[in-house]
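Visitor: One structure is given below, represented as structure tokens, and several questions about it will come after.
Any read-out appearing in this document is the output of simple, stated calculations on the displayed coordinates, not a laboratory observation. Everything numeric in this text was worked out from a predicted model, so none of it was measured. Glycine also receives a Cβ, built like all others from the backbone with ideal geometry; neighbour counts cover every protein chain displayed.
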Amino acid sequence: MNSCPRCSSLLLFILIVVSLGCSQGKTPVASSTPAPFVQPTAQGSPAPAKAIEPSGPALHIDPARAMQYVKEIVAIGPRWDGSKGQQQMGEYIHRKLKNDHVEEDAFVADTPEGKFNMRNIVAKFPGSKDGIIVLGSHIDTNYPLRKTSFVGANDGASSTGLLLAIADQLRGKKLEGYSVWLAFLDGEEAIKSWSDTDSLYGSKHLAQKWQQDGTAKKINAFLLADMIGDKDLDIQRDTNSTAWLEDLVLQAAQRLGYQSYFFAETIPGLQDDHLPFARIGVPVADIIDLNYGYNNSYHHTTEDTLDKLSPKSLQIAGDVILETIRLLNAGAGSSPPPAPSRFPS
Ligand SMILES: [Zn+2]
């Protein structure tokens, strides 16, 4: 998640909903009160009018296994772009997915600190239906904190471990629905300071590639996971996500009895790896808990360590994502809305 200073005092920010904003292109905040529990669906989006019965067998992650992956990733050490850890992280993901169909999207990122070799890794699990659901996580750790002991247990490792645990559930099965692709995204973090140009290097590169090669048109949904390992899990609604898809995530959470972990608060204009995909017209949802420690005080600090996480939180996030896939497979949101006009490409 972005390193913009507003996020360090996020809770306060949510409560008073100031419209200062330190980044351009943010969705303007319309009201001075927190958004209601369920926001009205954005104009032009197909709202799931009634509860949809999911399609296909229910899948659940193994939370202990997911936690083990997170521990192994943290054990690599810092994984900022350009570090030995970044290289080892890529090798680790390849090892875990060695029996799967995996593609690399290597590129050179132009950053304020010069050129960096980066690579996205995409694992593809084919389904029986035309269309793709992409799950994303960033694999890098914060670059400006590289001289500290920052290991990004929650910010980077938790969602990546979760995707590996989801891969375990998809592997070796005949998926009776859309194909599911896991996108391990490099270069989410800013190299110097968060801006439109200095951030989201991997997701921008992959979104551009998928726009050019026609893949983007086949993607029914992009679900991003970020910072979902927090013991005290409270996932916020995000106004930069696609409203109907977030409604569907909530519906999935309700089906599993996890709704109290979702959307009690709203973050206006969140910037994360979902944005580049939103900009090319893909429906997106960022599943993120940006209230990590009191007043988000663990975010981007050396306090972001394993002891703040729980397998239960990984389970909630993972199972809700898998249930959302079943709802999408049942036809929810099958006529994707046009590209939101607030994301000019
Ligand atoms: Zn971060």
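Visitor: Hand me the trypsin sites (Lys or Arg not before Pro) from the stretch 160-267 located in a DSSP loop with no more than 10 other Cβ atoms within 10 Å, in residue order please.
Guide: For trypsin sites (Lys or Arg not before Pro) across the stretch 160-267 that sit outside H, G, I, E and B with at most 10 neighbouring Cβ atoms in 10 Å, the list reads 174.
Visitor: Let me make sure I get this right: for the stretch 157-307, a, b and c are the square roots of the gyration tensor eigenvalues over alpha carbons, sorted descending. Under 1.5 in a/c it's rounded, otherwise prolate if a/b > b/c, else oblate. Which is it? All intermediate terms of the calculation are to be shown ahead of the outcome.
Guide: Values: a/c = 1.44, a/b = 1.12, b/c = 1.29.
It comes out rounded by the Cα gyration axes.
Visitor: Right, here's the next one. If amide hydrogens are placed 1.01 Å from N in the peptide plane, which non-local residues have theirs closer than 5 Å to the one on residue 181?
Guide: Residues meeting the criterion, in which the H sits 1.01 Å from N, are 125, 133, 134, 135.
Visitor: How much length is gained on full extension from residue 51 to residue 307, taking 0.36 nm per residue of separation minus their Cα-Cα distance?
Guide: On the way: separation 256, 0.36 × 256 = 92.16 nm, distance 3.74 nm.
In short, 88.4 nm is gained.
Visitor: Rounded, prolate or oblate: which fits the stretch 100-165, taking a ≥ b ≥ c as square roots of the Cα gyration tensor eigenvalues, rounded meaning a/c under 1.5, else prolate when a/b beats b/c? Don't skip to the answer; put the middle values down first.
Guide: Numbers: a/c = 3.26, a/b = 1.60, b/c = 2.04.
Oblate.
Visitor: Could you let me know the centre-to-centre spacing of the stretch 177-194 and the stretch 231-298, using Cα atoms, in angstrom?
Guide: That distance is 16 Å.
Visitor: Only bridges with both residues in the stretch 63-190 count here: give the DSSP antiparallel percent, nearest 5. Don't skip to the end; give the middle numbers.
Guide: Values: 16 of 25 bridges.
Looking only at bridges with both residues in the stretch 63-190, the antiparallel portion is about 65 percent.
Visitor: Across all directions of projection, what mean area in square nanometres is found for the Cα convex hull of the stretch 137-185?
Guide: On the way: hull surface 15.6 nm².
Average projection, Cα convex hull of the stretch 137-185: 3.9 nm².
Visitor: A further question on this structure: Excluding residues on the same chain fewer than 8 positions from residue 129, give the lysines whose Cα lies under 20 Å from its Cα.
Guide: Qualifying lysines at Cα under 20 Å: 173, 174, 217, 218.
Visitor: Same structure, new question: How would you classify the stretch 186-249 from its alpha-carbon gyration tensor, with a ≥ b ≥ c the square roots of the eigenvalues: rounded for a/c under 1.5, else prolate if a/b is greater than b/c, otherwise oblate?
Guide: Numbers: a/c = 2.19, a/b = 1.12, b/c = 1.95.
Oblate, because a/c is 1.5 or more while a/b does not exceed b/c.
Visitor: Please compute the length gained on full extension between residue 88 and residue 217, using 0.36 nm multiplied by the number of residues separating them and subtracting their Cα-Cα distance. Before the final figure, lay out each step's value.
Guide: On the way: separation 129, 0.36 × 129 = 46.44 nm, distance 3.30 nm.
Difference between extended and current length: 43.1 nm.
Visitor: Separate question: Out of the DSSP beta bridges found with both residues in the stretch 186-345, what percent are antiparallel (nearest 5)?
Guide: Values: 1 of 9 bridges.
Counting DSSP beta bridges with both partners in the stretch 186-345, the antiparallel share is about 10 percent.
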